[in-house]
Amino acid sequence: MTVRLTVAQALVRFLEAQHVERDGVENAFFAGCWGIFGHGNVAGVGQALLEREVADEPSHLRYLQGRNEQAMVHAAVAYARQRDRLAAMAVTASVGPGATNMVTGAALATINRLPVLLLPGDTFATKVANPVLQELEDPANGDISVNDAFRPVSAYFDRVHRPEQLAPALLHAMRVLTDPAATGAVTLALPQDVQAEAWDWPEELFARRVWHIARPVPEPAALDRAVAAIRSARRPLIVAGGGVTYSRANDALREFAEAAGIPVAETQAGKGALAYDHPRSVGAIGATGTTAANALAAEADLVIGVGTRYSDFTTASRTVFAADDVRFVNLNVSAFDSHKLSATSLVADAREGLRALTALLEGWAVDSAYTARATQLAGEWDAIVQAAYDRSNEPLPAQSQVIGAVNELSDPRDIVLCAAGSMPGDLHKLWRTRDRKGYHVEYGFSCMGYEIAGGLGVKLAALDESDSRDVFVMVGDGSYLMMNTELVTAVAEGVKIIVVLVQNHGFASIGALSESLGSQRFGTQYRYRTETGLDGDRLPVDLAANAASLGADVLSATSIEDFRTAVLKAKQSTRTTVIHVETDPLVPAPDSPAWWDVPVAEVSALDSTRQARTSYEDHKTHQRSHLAPTDNDKDHP
Ligand SMILES: Cc1ncc(C[n+]2csc(CCOP(=O)(O)OP(=O)(O)O)c2C)c(N)n1
Ligand SMILES: [Mg+2]
């Protein structure tokens, strides 16, 4: 039996029929399709979505209208993250700029290991009247289009030149999207003529299909090697990454840490792996780490990485694990990550791997004095956090006060979301995470402009799970100016997010970084040009008025008391609310002395740069290669 449909109609039918299952729970995989239409998709995918929306039995695959293609990808990726990668969204864009606008989002998805299906329109397969509007012409390559830019940033890429190619492309797309080790952006480029072309499809292409999301179990020999390494450790430290969350391994991690007495530090994606006040939690690790986690990292003889990709922020550019004899055991669903830092590799699902380790290590624990010291260090850091929350900076509040107020006034299950600027680091150190999904900082790509669209995606995901928790989007003025467009979408959809817009008149984070590197905050403040550069008065930009003009409710605060009142009001409201708060850009949050490798000019006419270079070269001497192979094979032949 065949059914005659266009390529785009067949695509939509197929997406509707895909389901996933893990731990016996089954659900539809695609929760929606974002789209902005142009000539490259309006009569193809656009027509197909319309046909399903007006059908007698309308589709569960809702159409969502965005304002910017990059932002639509952000929203889709954030959605998938909130759903622990058990559901995702598609994004359709026109040919040309609509398509390339999604390239940044694709990179963000792939780097963060988050599934999203991208459907850029492509130039005519038939080329009868080319070049079509917006076509890139390459005099040396007849088969290149702007969509080839998706290749390096996609976990899977295909271009559907002929209708017959659609079925294998879709099956590969699903294989990759639902594979915990391989997932990321999947891009199917769809030439605009092919989208509208009819074909007789075998009916089984549209059969209900269930993809079983794997929980790979560890290989026994690899498990033995990991157990031997852990048993011989005296000062082990767990580094929990995003893989803990996606695997829903939080309970397994807690039980492992409790039984073995091992402290748990968290990466940006792993924050929330344990509640902040759990006795084994030592908080954030690395360049934006706590004094507790980083002190333990400095002494650790064994680091047990669980679901982490060991970014330079996590390792403080390979300086935070400082002991001569430090070794690594990495539990990761992806061999690519598990082998990092010359580790003993344990390829497995985080939950399965942790359960297996707990069982084999039964009765074993580290010295209780070590465990107690970790708890004490964590307590010392928590007092520093409280002091940062309780500051009383005048006349404008410090950012840590704003973070503290949101933390204290939000419900324990509310979600804080951020991506770039000075807030991700401050949140990593200071945010008291009380729920496993309470902390959402996109720090794989740290993409300015992710925040508002991401918050919308997370809120849509919460609503789809009948969950009324609030989403607090923390956004700097720089990120807000870069991409505030999806406020309009939140208003249109009647979806409430709370946006905390921190106004400090420029790129405070890069300003501080610039100063520390001897570059004198050059080009990081928003000011009028004068004869001597961009050093005039502050610009008169009114972001509160801007947000109001987009349809959001806006509350403004210049004192921390006003801000607290505004947060309570926003909590009570059912509408998207932007709280505009002025902060003092020059008050740093407390930190540990961790380093981040950003190279400083080797020669310079500036004193400030020369001084910074001297300090840089000193830091470089502490950088470790972590090339020593693990040697536990001799204990376990
Ligand atoms: C798309 C993008 N461009 C540039 C950067 C580099 N960058 C990181 S933070 C930042 C400044 C952010 O300014 P703002 O949002 O006001 O936050 P603040 O630093 O003031 O806290 C810049 C330019 C980035 N992360 N993403
Ligand atoms: Mg700023």
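Only residues that are hydrophobic (A, V, I, L, M, F, W, C), more than 15 Å from ligand 1 (Cβ to nearest atom), buried (at least 24 other Cβ atoms within 10 Å of the Cβ) and in a loop (DSSP other than H, G, I, E, B) were counted across the range 93-127, and they come to 2. Considering the range 540-580 alone, what residues qualify as being among the aliphatic types (A, V, I, L, M) and either in contact with a Gly (Cβ under 6 Å, 6 or more places away or on another chain) or assigned to a loop (DSSP other than H, G, I, E, B) (or both)? Of everything in the range 540-580, those that are among the aliphatic types (A, V, I, L, M) and either in contact with a Gly (Cβ under 6 Å, 6 or more places away or on another chain) or assigned to a loop (DSSP other than H, G, I, E, B) (or both) turn out to be Val541, Leu550, Ala552. Filtering Val402, Val366 for residues that are in contact with a helix residue (DSSP H, G or I) (Cβ under 7 Å, 6 or more places away or on another chain) and surrounded by fewer than 21 Cβ atoms within 10 Å (Cβ to Cβ) leaves a single hit, Val366.
When residues of the range 491-534 are filtered for being more than 11 Å from ligand 1 (Cβ to nearest atom) and within 20 Å of the chain's Cα centre (by Cα), how many remain?
Applying the first criterion (more than 11 Å from ligand 1 (Cβ to nearest atom)) to the range 491-534 yields 491-500, 515-522, 527-534.
Filter again for within 20 Å of the chain's Cα centre (by Cα), leaving 497-500.
Summing the residues that are more than 11 Å from ligand 1 (Cβ to nearest atom) and within 20 Å of the chain's Cα centre (by Cα) in the range 491-534 gives 4.
Please determine whether any residue of the range 236-247 is assigned to a helix (DSSP H, G or I) and surrounded by fewer than 24 Cβ atoms within 10 Å (Cβ to Cβ). No, the range 236-247 contains no residue that is assigned to a helix (DSSP H, G or I) and surrounded by fewer than 24 Cβ atoms within 10 Å (Cβ to Cβ). Restricting attention to the range 133-189 and to residues that are acidic (Asp, Glu) and not in a loop (DSSP other than H, G, I, E, B), the residue that is nearest to Arg81 (Cα to Cα) turns out to be Asp158.
Have a look at Ala273, Ala356, Ala374 and point out the one that is buried (at least 17 other Cβ atoms within 10 Å of the Cβ) and within 21 Å of Leu114 (Cβ to Cβ).
Numbers: Ala356 fails: within 21 Å of Leu114 (Cβ to Cβ); Ala374 fails: within 21 Å of Leu114 (Cβ to Cβ).
Just a single option satisfies the conditions, and that option is Ala273.
Considering the range 325-340 alone, what residues qualify as being crowded, with 24+ Cβ neighbours inside 10 Å, of a type in the set (A, V, I, L, M) and closer than 21 Å to Arg235 by Cβ? Give the derivation first.
Residues of the range 325-340 that are crowded, with 24+ Cβ neighbours inside 10 Å, as a first pass: 327-333, 338.
This time we only want the ones that are of a type in the set (A, V, I, L, M), so: 329, 331, 333.
Val329, Leu331, listed by residue number.
Checking the condition part of a loop (DSSP other than H, G, I, E, B) and farther than 25 Å from Gly283 by Cα, which residue from Asp597, Asp618, Asp584, Asp591 passes? Step by step, each of Asp597, Asp618, Asp584, Asp591 is checked, and only Asp584 is part of a loop (DSSP other than H, G, I, E, B) and farther than 25 Å from Gly283 by Cα. Summed over the range 29-51, residues that are surrounded by fewer than 24 Cβ atoms within 10 Å (Cβ to Cβ) and more than 17 Å from Arg62 (Cβ to Cβ) total 4.
Any chance the range 556-564 includes a residue that's within 22 Å of Cys418 (Cβ to Cβ), away from ligand 1 (no atom under 14 Å from the Cβ) and of a type in the set (Val, Ile, Thr)? Full working, then the answer.
Our first condition is that a residue be within 22 Å of Cys418 (Cβ to Cβ); within the range 556-564, this holds for 556-558, 560, 562-564.
Then keep just the ones that are away from ligand 1 (no atom under 14 Å from the Cβ); that gives 556-558, 560, 562-564.
Those left that are additionally of a type in the set (Val, Ile, Thr): 558, 560.
Within the range 556-564 (the criterion being within 22 Å of Cys418 (Cβ to Cβ), away from ligand 1 (no atom under 14 Å from the Cβ) and of a type in the set (Val, Ile, Thr)), the answer is yes, since at least one residue qualifies.
For the range 335-353, indicate whether the set of residues that are part of a helix (DSSP H, G or I), among the β-branched types (Val, Ile, Thr) and modelled with pLDDT of 95 or more is non-empty. Scanning the range 335-353 turns up no residue that is part of a helix (DSSP H, G or I), among the β-branched types (Val, Ile, Thr) and modelled with pLDDT of 95 or more.
Candidates are the residues of the range 403-440 that are touching a Lys or Arg at 6+ places or on another chain (Cβ under 7 Å) and under 21 Å from Gly478 (Cα atoms); the one that is farthest from ligand 1 (Cβ to nearest atom) is His440.
A single entry from Glu451, Glu408 fulfils the requirement of being assigned to a helix (DSSP H, G or I) and either within 16 Å of ligand 2 (Cβ to nearest atom) or crowded, with 24+ Cβ neighbours inside 10 Å (or both): Glu451. Just one of the listed residues (Ala17, Ala31) is more than 20 Å from Ala492 (Cβ to Cβ) and among the hydrophobic types (A, V, I, L, M, F, W, C), namely Ala17.
Hey, does the range 472-485 have a residue that's more than 23 Å from Ile403 (Cβ to Cβ) and either under 20 Å from the mean Cα position of the chain (by Cα) or in a helix (DSSP H, G or I) (or both)? Spell out how you get there, then give the answer.
Filtering the range 472-485 down to residues more than 23 Å from Ile403 (Cβ to Cβ) leaves 485.
Next, only the ones that are either under 20 Å from the mean Cα position of the chain (by Cα) or in a helix (DSSP H, G or I) (or both) stay: 485.
Yes, the range 472-485 contains at least one residue that is more than 23 Å from Ile403 (Cβ to Cβ) and either under 20 Å from the mean Cα position of the chain (by Cα) or in a helix (DSSP H, G or I) (or both).
Which ones in the range 454-488 are surrounded by fewer than 24 Cβ atoms within 10 Å (Cβ to Cβ), more than 16 Å from ligand 2 (Cβ to nearest atom) and more than 19 Å from Asp414 (Cβ to Cβ)? Hits for the range 454-488 are Thr485, Val488.
The values are calculated or read from the model by the stated rules, or taken from the named source; none is laboratory data. Because the structure is predicted, anything quoted here is derived from the model rather than measured. Note that each Cβ is placed from the backbone with ideal geometry, even for glycine, and that neighbours are counted across all protein chains shown.
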